[in-house]
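Here the structure is laid out as structure tokens; the discussion comes afterwards.
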There are 2 protein chains.
Amino acid sequence: MNVFFTKLQVRSTLGAIRHRISANRFASNKTVSDNTIRQLVSYATQAPSSFNLQPWRFLALTEWPDRHRLMKLACGQRKVVEAAVAFIVLGDLLAHSRLSDILRQSVKSGVFDESTARRIADQCNRMYADLGAQRDEAIRSASMAAMTLMLAAEAKGLVSCPLIEFDPEGVRREFHIAERYLPVMLVAVGHPASAKWQREPRLPLHQVLAFGVGWPWATESIETWKAARTSALVA
Amino acid sequence: MNVFFTKLQVRSTLGAIRHRISANRFASNKTVSDNTIRQLVSYATQAPSSFNLQPWRFLALTEWPDRHRLMKLACGQRKVVEAAVAFIVLGDLLAHSRLSDILRQSVKSGVFDESTARRIADQCNRMYADLGAQRDEAIRSASMAAMTLMLAAEAKGLVSCPLIEFDPEGVRREFHIAERYLPVMLVAVGHPASAKWQREPRLPLHQVLAFGVGWPWATESIETWKAARTSALVA
């Protein structure tokens, strides 16, 4: 029985990964409850983050006028209004300013002791003194949380689509988002439409995976790099 | 029976999200086969990416000397050598230079037609003429793929840990990685050690989720932002 359950569990988690697809259409007449939205975000926050800083923030837009305003800032992509909820996923560029609260909570829960907490705080402040490092981390963690949210949605029979074509400054202005929060992506979530579409093919595995130091693209020189860049831009 | 299966499936995908934890320890005497590594990366590539560019690349280090060299570039973090495999997850800054191949494949598979492909190509080239946009996208997509890989590992009874404290230029040099590939994070994957550790607590939901335009941190002015930044750095 145990073996059976394990096998089924394997298939179903991997099944969610295999079946998730970026939805082009949503059943626009169906809503998603605030409670479901809370659950989705609760799962999203189970993602890992550097020093447990949890820089992700989620602004959930369920009202049509809000989603309509967002659509106008997202190159008019209809998914934003057709989906039941559009999340603006933000990354807090100042997440490390909350570190002492976060560490205190971990000490209180017995995850580690006071002296470990002090060592972590030193390390973290050194690392995020750099503005570029803050920004990279905000994008990285918010993206991992967004991916987790989309798989949680899949598990709940919902469909989702990440959108990165939007005007981040416009979104910030329109929704009164403070400067410390970087709009990392939008995620539309809703019920599946009856229309079907096909999964886009993926690159063959040998083009994205290499073992050991036999990196197939290692020999590319900076000249090749520059040439590729130029040809990409003029194409 | 259908309902039962669906409920179980729901529980198990969400279960993997809830149970995954950044592993501190690995059973260092157990290996992970090349075939399993291929499967994990194959699942990782099911993540979504902008224009289906799939900018993720995975360098899998399974040999001890390779992982040992990597550990030295990752602040000596033992997880890198204790885990059975250490992935260097890269983001291709020139992913859009492969767009025509990718689009051709989609047209061939019947996902969309030639004229749609041409429209997508125009849009993509406009978007990624900007170096900053390329870099953000490389981090975003590689992070989503890494998250998917970690959940796939969880489903297969393995444990994982993302690491971002490492010297990216050193890693590039040591493993002969061409400049177009940005080291986004390391992911250690292996078998669980008998040692147990506790999940770090997450921020309460109301601190990371808001509905509509009632964004609780909207009123933060640039002055508050600057003050928070200063206090974070001097803390």
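The values are calculated or read from the model by the stated rules, or taken from the named source; none is laboratory data. Because the structure is a prediction, the values reported are computed rather than measured. Ideal geometry is used to build each Cβ from the backbone, glycine not excepted, and the neighbour counts take in all protein chains shown. Calculation scope for accessible area: heavy atoms of the full protein, side chains included, ligands and nucleic acids excluded. Shrake-Rupley method; radii C 1.70, N 1.55, O 1.52, S 1.80 Å.
Structural remarks
- Close pairs from segment B:29-44: first more than 23 Å from B:Ala193 (Cβ to Cβ) and open to solvent by 30 Å² or more (accessible area, probe 1.4 Å), partner among the charged types (D, E, K, R) and in a loop (DSSP other than H, G, I, E, B), Cβ under 6 Å, at least 6 apart: none
- Filter result for A:Arg140 (open to solvent by 50 Å² or more (accessible area, probe 1.4 Å) and either farther than 17 Å from A:Ser22 by Cβ or in contact (Cβ under 8 Å) with a residue 24 or more places away in the chain (or both)): no
- Which numbered condition B:Ile139 misses (of (1) among the β-branched types (Val, Ile, Thr); (2) touching a Pro at 6+ places or on another chain (Cβ under 6 Å); (3) under 25 Å from A:Arg126 (Cα atoms)): (2)
- Any hit, segment B:166-174, residues being within 23 Å of A:Ala117 (Cβ to Cβ) and surrounded by 15 or more Cβ atoms within 10 Å (Cβ to Cβ): yes
- Qualifying residue in segment A:79-102 (condition: part of a helix (DSSP H, G or I), without any contact (Cβ under 8 Å) to a residue 24 or more places away in the chain and aliphatic (A, V, I, L, M)): no
- Filtered residue count, segment A:165-187, keeping only those that are within 8 Å of another protein chain (Cβ to nearest Cβ) and not basic (Lys, Arg): 9
- Any chance A:Gly110 is facing chain B (nearest Cβ under 7 Å), surrounded by fewer than 23 Cβ atoms within 10 Å (Cβ to Cβ) and of a type outside the set (Asp, Glu): yes
- Test result for A:Asp101, open to solvent by 50 Å² or more (accessible area, probe 1.4 Å) and facing another protein chain (nearest Cβ under 7 Å): no
- Selection count where residues are more than 7 Å from chain B (Cβ to nearest Cβ), part of a helix (DSSP H, G or I) and farther than 21 Å from B:Leu163 by Cα, scope segment A:37-74: 12
- Within segment B:139-164, the set of residues being over 10 Å from the mean Cα position of the chain (by Cα) and either more than 7 Å from every other protein chain (Cβ to nearest Cβ) or over 24 Å from A:Ala133 (Cβ atoms) (or both) comprises B:Leu151, B:Ala152, B:Ala153, B:Glu154, B:Ala155, B:Lys156, B:Gly157, B:Leu158, B:Val159, B:Ser160, B:Cys161, B:Leu163.
- Candidate set from segment B:124-137 (those that are of a type outside the set (Asp, Glu), in a helix (DSSP H, G or I) and facing chain A (nearest Cβ under 8 Å)); member that is most open to solvent (accessible area, probe 1.4 Å): B:Met127
- Which listed residue is of a type in the set (Gly, Ala, Ser) and either modelled with pLDDT under 95 or open to solvent by 60 Å² or more (accessible area, probe 1.4 Å) (or both), from B:Ala146, B:Ala218: B:Ala218
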